[in-house]
Amino acid sequence: MPRPPLPTSADCSGPAVPPLGRPRLYTIAPGDSFADALAGGLLARAAGDPLELAGSLILVPTRRAARGLAQAFLRQSGGRALLLPRFRPLGDADDEELALTGMPEALDLAPAMPPLERRFLLARLVLGWWQARGEAAHLGAALAHAGELARLIDEIATEGADWQALETLVPAALAGHWQETLSFLQIAGRHWPAVRDAGGTTDPAVRRDALLRLQARQWQERPPAHPVLVAGSTGSIPATAELIAVVARLPQGAVILPGLDLAMADDGWAGLGPGHPQWAMRGLLEAIRASRDDVEPWPPGRPRRGPSPRQALLAEAMRPAETTDLWHRTRAALDLPAAFRGLSRIDAPDRPAEARAIALLLRGALETPARTAMLVTPDRALALRVSAELARWGIQVDDSAGVPLGTTVPGGFLRLVLAAAVEDLAPLALLALLKHPLAALGMARGDSLGRTRRLERLVLRGPRPQAGLAGLRQALAARARAADAAGRPRDLAPLHDLVDRLARALAPLFAALAAPRVAFAALVEAHVAAAEALAATAEATGAAALWRGEAGEVAAGLIADLIAAGTALGAVAPADYPGLFDEVLQAVTVRPRFGSHPRLAILGPLEARLASADLVVLGSLNEGTWPAEPAADPWLSRAMRQALGLAPQERRLGQAAHDFATLAAAPCVVVTRAAKIDLAPTVPSRWLRRLDALAGADGWPLDPALARAAGLD
């Protein structure tokens, strides 16, 4: 293979010219386990030489994919000790490593601005734009708009579009609201670069792309002496595609593509649209100047083979809508009994029934030694229900997508502390706070809960006390007078002590909320001080109780980020703080570091791209859920996006279709859906309706064993 030529430009900020020469490209069929096939091929190539394997570098899409690939190597090696290759996510090029290996300009790249600080600065620009026009300005709404602006900034940077082209996108003849939109977008196009550059930082997407292009240029100029492989990527980011083009032509480089259709007719391949599973793969091959003729099956030397009956069925089901009139001819060529063997479908009456059926299937898989199973779904509500159903049998399975921080114990406690202070100790808010498992007020938890229950019974039931601490004290005094008048004994000292402890704990937060305007960082610090004082026990400090565990560590990190980014917002009205804090809290996710069960998993489609299991359950196959409708662009119309050179929104449909087609090609698959969700009827996913059309009048078979396992017999 000839050595690739040097690049024509040394500018790492612009697109590199893809090298010429024949690339080394491979693909793994959808029905095969990608990670196991890749690991098995590399082990065979190493031929027992541990140093050759250890010297390899494998670039994968995500960190989770790297962990899954490491486990696949252990499975393929039979559990013997191995020196594993180095795994690295594609977007994790390191500036110091590049500098040490001959690219000192990597150290000159500006650091990426922290996401929260960038969002706060954009929110200030949005507020200024509204105020300049005399419009109502609300910090929570500005923060939401800032998040969308940040997404657009990253998208334009990723696609290499030109902000200046926005000036010509909206002719004066168009409706006035488009002119308003264009004026608003100047926040990002004109004003944001000055704000960003003033801090000596850059946007995360710009820095990521610059590092990727520097890595590509370095390997072009000085090809590494060790093997480099890119595995499982579809190259949806242009800078990633440029790096893939270089790796494919390295002397010891190779690219392993996931589920490329080598059997599709050339005319069908040329006419693919963004919603087709192979559209992204075609775009990648075009970007790296390659064709399907350059792609061979993995492992090297394996002869090409035709698609399996399942693969042929799925490929036919994903046919572009314009050519589905050919089904009356192509259906006869399909081996439907073989294609549906191992593929079953469950239509549950509602979501709880669907969750129970899936939980039974996963539990049933555990009855067979060493059998593995996974649920793949984008529906977080279904994933939580399945986890809860499995927990009834003592089976702990973590959802890889995680849970919002606001729904965890420390996140919920922080919200309740703020709600109680904002509502001036209204009975419901106060009781919700004091009954939280973290609330102790410096006492033993049992003592605190006992006093809370007595306060509820004697003071908070019946007529509502006056607001605030003064109202609680007045209610306690009235209770004492009533007891004296009736000649009953009274021992209200513990309740007075409880209120006093509450007053000391909430004092800093009450003071901050009472100011007309206060520095945002000071608000956060007062909030945290109150929460820690409330969480303190007789044996431990509030910090030790509040910030422990995975959720506590994530919450502590968020608080640190809020304080660090607080200077970007400056002084704010305290009334804006609760909504802002809640929005930021819900945007943070707590993910488990390690799964609770070694043989079961609940994954999202992204996390499942390189995963495999003996039983694959694809849940919530309803239109609008899987696939989800492409989110409407709040700023640009379809024609504007096309004129700017941005990818169509429908490409997400193609990515979802590729995930479904790859997962559904596994040997044993059960797809499920709920006929109703929250009493509203649902529509089956478009992919199910296409498979229904190909299945014919007999419909899908349901394996009797699976029916018994799901409780449907």
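Couple of notes before you dig in:
- Measuring r between the beta carbons of residue 159 and residue 539 and using R0 = 56 Å, the FRET efficiency lands at 0.50.
- Alpha carbon centroid spacing (whole Å) that separates the stretch 441-496 from the stretch 315-391: 57
- Net charge over other residues, Cβ less than 10 angstrom from the Cβ of residue 309 (K, R count +1; D, E count -1): +1
- All-pairs alpha carbon distance profile, the stretch 260-367, 10 Å steps from 0, percent: 11, 30, 29, 21, 8
- A simple packing score, the average count of other Cβ atoms within 10 Å per residue, orders the peptides 622-634, 428-440, 244-256 as 244-256, 428-440, 622-634, with the highest score first.
- Amide H contacts of residue 253: 228, each under 5 Å away and 5 or more positions distant or on a separate chain (H built 1.01 Å from N in the peptide plane; Pro and chain starts excluded).
- 14 Å beta-carbon shell around residue 413, net charge (K/R +1, D/E -1): +2
- Crossing angle, helix 115-132 versus the chain [Cα axis fit, 0-90 degrees, rounded to tens]: 70
- Residues within the reach of a label modelled at residue 597 (point 7 angstrom out along Cα to beta-carbon, backbone nitrogen below 11 Å), restricted to the stretch 334-374, are 358-367, 372-374.
- Computed on the chain, with alpha-carbon pairs under 8 angstrom and 6+ residues apart, the relative contact order is 20 percent.
- Residue-count net charge about residue 468 - beta-carbon cut-off 13 Å; Lys, Arg +1, Asp, Glu -1: 0
- Size of electric dipole in the chain: Cβ of Lys, Arg +1 and of Asp, Glu -1, about Cα centre, debye, nearest 20: 1740
- Expressed as a whole percent, the accessible surface of the chain that belongs to carbon and sulfur atoms is 56, based on a 1.4 Å probe.
- Gyration tensor (alpha-carbon) shape descriptor, the stretch 298-347, a/c threshold 1.5: oblate
- For the chain, the longest principal axis of the Cα atoms and the long axis of helix 445-455 meet at an angle of about 60 degrees.
- Mean separation of Cα contacts under 8 Å (6+ apart) over length of the stretch 272-410, as relative contact order %: 15
- Principal-axis analysis of the Cα atoms of the chain puts helix 493-514 at an angle of about 60° to the longest axis.
- Shape of the stretch 574-646, Cα gyration tensor, a/c cut at 1.5: oblate
- Of all DSSP beta bridges in the chain, antiparallel share, percent nearest 5: 15
- Average accessible area per residue (Å²) across the chain - probe 1.4 Å, nucleic acids and ligands excluded: 44
- The Cα center of the stretch 227-254 and the Cα center of the stretch 593-642 differ in position by 24 Å.
- Here the simple spin-label model places points 7 Å from the Cα toward Cβ, and for residue 553 and residue 481 these points are separated by 5.5 nm.
- Global form of the stretch 293-433, assessed from the alpha-carbon gyration tensor, a/c cut-off 1.5: prolate
- Structure-based [θ]222 nm, the chain - -39500 (n - 2.57) summed over DSSP H runs of at least 4, per residue, nearest 500: -15000 deg cm²/dmol
The values are calculated or read from the model by the stated rules, or taken from the named source; none is laboratory data. All values derive from a computational prediction rather than experimental measurement. Note that we place each Cβ from the backbone using ideal geometry, even for glycine, and neighbour counts take in every protein chain shown. With ligands, DNA and RNA removed, areas are computed over all heavy atoms of the protein, side chains included. Shrake-Rupley method; radii C 1.70, N 1.55, O 1.52, S 1.80 Å.
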